[in-house]
1. Tell me the residue from 361, 348, 355 that is touching a residue at least 40 places away in the same chain (Cβ under 8 Å), over 28 Å from residue 267 (Cα atoms) and open to solvent by less than 20 Å² (accessible area, probe 1.4 Å), please.
2. For the structure I just gave you, tell me whether residue 284 is at pLDDT 95 or above and open to solvent by less than 30 Å² (accessible area, probe 1.4 Å).
3. Which of the numbered conditions does residue 247 fail, given that it passes all the others? Conditions: (1) touching a residue at least 40 places away in the same chain (Cβ under 8 Å); (2) surrounded by 20 or more Cβ atoms within 10 Å (Cβ to Cβ); (3) farther than 21 Å from residue 203 by Cβ.
4. Being among the hydrophobic types (A, V, I, L, M, F, W, C) and in a loop (DSSP other than H, G, I, E, B) is the filter; apply it to the range 433-447 and report the residue that is nearest to residue 355 (Cα to Cα).
5. Out of the range 71-84, which residues are aliphatic (A, V, I, L, M), open to solvent by 30 Å² or more (accessible area, probe 1.4 Å) and more than 16 Å from residue 29 (Cβ to Cβ)?
6. Restricting to the range 263-281, count the residues that are in contact with a strand residue (DSSP E or B) (Cβ under 7 Å, 6 or more places away or on another chain) and buried (at least 20 other Cβ atoms within 10 Å of the Cβ).
7. Return the total of residues in the range 112-145 being in a loop (DSSP other than H, G, I, E, B) and open to solvent by 50 Å² or more (accessible area, probe 1.4 Å).
8. Run down 296, 259 and say which single residue is surrounded by 15 or more Cβ atoms within 10 Å (Cβ to Cβ) and not aromatic (Phe, Trp, Tyr).
Amino acid sequence: MRGDLVRKLLARVLTTGLAVLAFLVVALTGATGWGLAIAVAALAAAGWERRVRPSADGVAESVLVAAGILVGYARRLDSGFDPALVATALVLLGLVLLVGPLRDAGALEIRAANLPVRTWAPVIAARLGDALLALLALVAVAAGLALPAWVALAAALLVGAGCGALGLDLARRRFRPPAGGGPVGRALRRHQPEFVLHFSAPPGSEYQVTMWLPYLERIGRPFVVLLREPGFLPTIAAATRAPVVFCPTIKAMDEALVPSVRAAFYVNHGAKNSHCIRFSQLTHVQLHHGDSDKAPSANPVSAIFDKIFVAGQAAIDRYARAGVEIPAEKFVVVGRPQVEAIEVRREPAHGVTNPTVLYTPTWTGHHADANYCSLPVAETMLRRLLDRGATVILRAHPYTAQNPASARQLARLTELLAADRARTGRAHLWGAAASRELTLTECVNRADALISDVSGVISDWLYSGKPYAVTDMRADGEHFVERFPLAGSGYVLCRDMSNVDLVLTELLDTDPKAAARWATRTRYLGDFPAESYAEAFLDAARQQVEPGWHPPTPRPVGAVAGDAPPLHPTA
């Protein structure tokens, strides 16, 4: 977060400083060429600022740069009063003043992907700032080459005509909306979606949606993904065949939530969820994006949903333990469908030679009471693993880089792994190789043991039946398992790493809690047949989408030869 702030401040200082410098050099000195060059540099800085600060208001800087360029242009031409140059100045002034409002108006328009409709107005509006910067750069080049003023005027009029057409279209949409709705609304009515996935979150959170998309598609009914932030549109649209719609306003939601929609699913407790929950004719279902003993997993806000899909009874108990009173009929135990591809190890593996250990540190959280991150103390643990000949898969939380201190700590750990890989040849994985090239399921299937902070990763890992250790970063000691019951079937690693050798011996060699994990597995992940584990979620979801739908009668156990063995190991 601090790194983002530094980049934004640097971009602001560069843009403003170079714009002022360009104007002063051109207006007060005879170094016209240098002034025009600095103006182009100011435009490049403004372009960078638009990347790091999309909402940046650069009107003052644009006016200064434009004025400097026009003064330099007049000096280069040295032909007295030039009507074409005056007209260029007027057009540029109008563009500088209009681009911001047009961009803001376009940002309020609904946009869509994976629908047979083109919403050109908001796309062009979002690019107007770049078009203005490019135009000013072109005028600066024309000034530097002393080209006739009509060249700059032609370019300015071309951009101005585009802005005018865009403005007229946006005004028509605002003041005279089509009776049958806009093109996106009409396309959605033809698509006839029966449910919607509503999503609002900070940048970098698209994993919360992508983990659910394959299962929502398997429901077998048409649906639409409704986004509230524009940055997610290309990423999520590439991850599904379903229509993806960006709704910046509540009015846009009115257009997207067509009459065929009967249910709405959510994957977090984002504040903008309330904008969708106001549609009382829908059934509202909270899915969550993970199951853990973290405090946010028992958020009282869950009570506003009609149904709360949970992985197992442990999630229901978690709300009660936190003092959150929610009627029992709101909870539906559906398992955690994302674990269905995790390979289950039924027999304890004692003393594995050169084990592979998955380490998944979480991030520091938005608030201090949600900070379970072990990165500050992880180096000692990592060195002990390397001493034992372990291969390490380091898969950090996607939000880790938001905290500069965590980013530095993570970089230190990757340096250790890189040095050990160069020395021993062990195939450690980190960075993109562990977090983007491999899925979490693939990481779990490669590993023999897990070391994790308090997070949803442990619940997913639990399905494998393999041993795990949990870091006690709050130094709760004997109360840690009371606060985080899932740690009771794992091995608790103290914050000061005083018991690291004992924990690694239990984790990798003796594994005394092997039997206890199976009972915990059922409590946290439900007791569903392995061969049809995800069907529990699919059946429950279909019942919300189609109230009259009932799952097929399950076949008798053992009715078909080759049925899978029971989930619990026999003595």
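1. Matching residue, one of 361, 348, 355: 355.
2. yes
3. Every condition holds for residue 247 apart from (3).
4. Only one residue fits best here, namely 447.
5. Of everything in the range 71-84, just one residue is aliphatic (A, V, I, L, M), open to solvent by 30 Å² or more (accessible area, probe 1.4 Å) and more than 16 Å from residue 29 (Cβ to Cβ), namely 77.
6. 7
7. 4
8. One residue alone meets the criteria, 296.
The values are calculated or read from the model by the stated rules, or taken from the named source; none is laboratory data. Everything numeric in this text was worked out from a predicted model, so none of it was measured. We place every Cβ from the backbone using ideal geometry, glycine too, and count neighbours over all the protein chains shown. When the accessible area is computed, the model is the full protein with side chains, heavy atoms only, and any ligands, DNA or RNA have been set aside. Shrake-Rupley method; radii C 1.70, N 1.55, O 1.52, S 1.80 Å.
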